[in-house]
Amino acid sequence: MPEYNSAVLQELLDGCLQKNRRSQELLYKQFYGYAMSICLRYTRSREEAKEILNDGFLKVFTKLESFDASRPFKTWLSRIMINTALDHYRQEVRRDVFDDVEVAEQVSVDETVISKLSHEELIGLIQRLTPAYRLVFSLAVIDGYTHEEIAEQLNISVGASKSNLSRAREKLRDMLSKINIDDYDRVAR
């Protein structure tokens, strides 16, 4: 059931507003993959992402009356999932120290390595970042938030947001350069 069929989506949403379990189940199944892809970017594991996903869908079902039907449902859903991930971060994960630092030297990465990585491998690399770096990287690079918006969401300074993004990129470059070295070692043998 693609989202472009707005009549079917609206029927599902109406059923959810009436607390119809079947409508809730169908909406959940329809948008599970999309919502899970968002949650995975903000967590270290699939289990943690599932927890956030389920909390997010609970919010969807309890706050559905606030959804503006003139806007895309996916946009509203993604906002809820991101905010749920941020709430989870604030409640469950110890914060790493947010320091303002100078931008570190960039590590050279072979662009062919990046182009050969699958979506799952890229998400896996992002999941290996510390929670602070992972959140700022996902918010800025993937979801398009500004440093001012990130600072407000995470209650940090704009400089700390920029610093954490820089450090996240540096860590990802380091991980990618190690992939480069591993690939070279395999070929050289």
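Key figures for this structure:
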| item | result |
| --- | --- |
| Any chance Leu125 is in contact with a helix residue (DSSP H, G or I) (Cβ under 8 Å, 6 or more places away or on another chain), modelled with pLDDT of 90 or more and either closer than 18 Å to Arg41 by Cα or open to solvent by less than 90 Å² (accessible area, probe 1.4 Å) (or both) | no |
| The listed residue being assigned to a helix (DSSP H, G or I), open to solvent by 60 Å² or more (accessible area, probe 1.4 Å) and hydrophobic (A, V, I, L, M, F, W, C), out of Ala49, Ala35, Ala7 | Ala7 |
| Residue within segment 48-60 that is closer than 30 Å to Arg134 by Cβ and without any contact (Cβ under 8 Å) to a residue 12 or more places away in the chain present | yes |
| Unmet criterion (only one of (1) surrounded by fewer than 22 Cβ atoms within 10 Å (Cβ to Cβ); (2) out of contact with any Asp or Glu (no Cβ under 7 Å at 6 or more places or on another chain)) for Arg134 | (1) |
| Selected residue [surrounded by 14 or more Cβ atoms within 10 Å (Cβ to Cβ) and part of a loop (DSSP other than H, G, I, E, B)] from Arg71, Arg44 | Arg44 |
| Unique match (being at pLDDT 85 or above, within 23 Å of Asp55 (Cβ to Cβ) and either touching a helix residue (DSSP H, G or I) at 6+ places or on another chain (Cβ under 9 Å) or of a type in the set (D, E, K, R) (or both)) among Ala151, Ala160, Ala132 | Ala132 |
| Residue that is farthest from the chain's Cα centre (by Cα) [pool: residues in segment 156-179 that are hydroxyl-bearing (Ser, Thr, Tyr) and over 14 Å from Ile126 (Cα atoms)] | Ser177 |
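The values are calculated or read from the model by the stated rules, or taken from the named source; none is laboratory data. Please read these numbers as outputs of a predicted model, since none were measured by experiment. Quick reminder, even Gly has a Cβ in these numbers, built from the backbone with ideal geometry, and neighbours come from all protein chains shown. Surface accessibility is based on the protein's heavy atoms, side chains included, excluding ligands, DNA and RNA. Shrake-Rupley method; radii C 1.70, N 1.55, O 1.52, S 1.80 Å.
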